[in-house]
1. If R₀ is 25 angstrom, what is the calculated FRET efficiency for the pair residue 371 and residue 325, using the beta carbon separation as r and rounding to 0.05?
2. So for region 406-484: antiparallel DSSP bridges make up what percent, rounded to the nearest 5?
3. Cβ neighbours within 10 Å, averaged per peptide: list 473-482, 348-357, 396-405, 56-65 in order, most packed at the top.
4. Starting with the highest mean, order 108-117, 131-140 by the number of other Cβ atoms within 10 Å, averaged over the residues of each peptide.
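Here, each number is a calculation from the coordinates, and none is a lab measurement. Remember, it's a predicted structure, so these values are computed and weren't measured experimentally. Neighbour counts run over all protein chains shown; Cβ positions are idealised from the backbone, glycine included.
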Ligand code: GDP
Ligand code: GDP
C-alpha cells in the first residue's frame, strides 16, 4: 500500500469545540510537534489542520483540528449573545462536514469555563450523528475542585477525559482512549485483511509471541508468556462456536453440523499476524441442538471456571436480542471477579447499518457500571470485526501486566491529590501517606491513609479513574484499595 493510500485509509479523529478551549494546543500535543500555532489572542483565523498520530507498534490515525473559526465569528462570540448566533452556525457547519468523515469525535471543552450552552448545543448535535464521542475536558491543570468541575460535564453522557493540553496531563491517556474507541468501532475491512494472513498457518501454540515474555508470574497457573489464551463465554446461540470458526477459518472447522453433537471441551490454537492464540475450553464448539431450554441449562458456574484458564475472556452477546438479564448478570460477575474481559456484540450483520451506533450506545448505557469494558461489534458470519477483537484482547492482557515503579507511584499520588484534594468527611480531611502496587493481576493499587473510612466513595472513584489515566490502564480490571495505616483493616474496594 503506498503512503498516499495508507493515509487515505487511516481513520480520522476530529477535534471539535468552541474557540479557545485548547484544541490546537491539544492537537500539537497529540501529534507531538508544534505545527499548529497556538494563538493567545482570540480571533486569529485558522484553517483546518491535519496531522498523523503515530505510536510505536500502534495503528496510526489522522487527527483533524477543525480550527478555522472566522475572525468575525470568534470575536462576536467573545462579545455577546447576539454575535453568538453567527459563530454557532459557523462551527456547526464545520462540525457537520468534519464529523461526517470522522471515526471518533473529541468534543473539547474548557474545564475552567464550565459547561456552556454552546457546548451543550454542540453535544446534542454530535449525539444525533451517532458517532462515538469522547468529551475532553481541557485546562484541568491541577486545581482543587476537579471533581466538581467535572460533575456538570458528566451530564452530557459521553465518556469523559480530563486533560491539560498545556501541561501534557493525561494526554497519553487520551491518546489511548482514542485508540480504544477506534478499535472498538466495527472495522468493516479489518476482518478481511486478517483472513489472508490466517490462510495456511497451522496452530503453533508454543511459539513465543515476542511480546509476552516478561518476568515470571505471581502464583497464578496462567503462564505470562506464550500464546494469548482466550475464553469465549456467553449464552447458547450467541455465536461462540461460529466465532471460533470464523477465527480459525473454514478449513479447520471443528464443529459438527449435526444437531446435538457433543464434544469435550478442547483448546483451539490460532496463529494470526505472527501472534499465537489459544481458545481454551471451547465447549461451546459443539453444535448445540436448538432447544429452547438450553437457556435454562446454561451453567454460569462452569463457564466462569473456564475464564480462569484464559488471559482474556470474550463475553459474546447476540446483538439482535438486546441485553438479557442473564447477559447482564454475567457482566456483573465478570466485573466483580475482576476478570479481564471484553464484550463482543455478535451478529451485527443482522442489525441495519443505521441502527448500529444507537444499539451500541444502548448497550454502553446499560453497562455503564463497568465503563472500562470495551463493547466490540462483530459478525462471526461475515468475519467482521475479528481483528479488532484480537487486538483489544492483546491490549487488555498487556494492561493486566502493568507494573508501576515505586517512584512513579508516589509521583502519581502526589499528582492526583494535588489536582483534587480529598474532601472533608466528618470534619476531617483524610491524609494520604503513600501508594503501592500490590499484585499485578489485575493491577491492584493500595493507598495508605490515616483513616480509610473517611475517604468518600466518589473520591475513591476519582482515584481509580486518575490512576487508570496515568498508568494507561484503560480496559483491564483494576483494584484500588484504601488501607488505614493504624492497623485497623479499613480496606475498601473500589465498587
Ligand atoms: P483553540 O482555539 O480551541 O484551538 O484553543 P488554543 O489551543 O488556541 O488555546 C487557547 C488558549 O488556551 C491558549 O492561550 C492556550 O495556551 C490555552 N490553553 C490550552 N490548553 C490549556 C490548558 O490545558 N490549560 C490552560 N490553563 N490553558 C490552556
Ligand atoms: P453458540 O451456541 O454460542 O456456540 O452459538 P453458535 O455459534 O452455534 O450460533 C448460534 C446461531 O447463530 C447459529 O445459527 C449461527 O449460524 C448464528 N450466528 C452466529 N454468529 C452469527 C453472526 O455473526 N451473524 C448471524 N447472522 N448469525 C450468526
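1. Details: r = 20 Å, r/R0 = 0.80.
The formula returns an efficiency of 0.80 here.
2. On the way: 7 of 13 bridges.
Antiparallel bridges make up about 55 percent of those DSSP assigns within region 406-484.
3. On the way: 473-482: 21.8, 348-357: 14.1, 396-405: 18.4, 56-65: 16.7.
Listed from highest to lowest mean packing, they are 473-482, 396-405, 56-65, 348-357.
4. Values: 108-117: 17.9, 131-140: 23.9.
The most tightly packed comes first, giving 131-140, 108-117.
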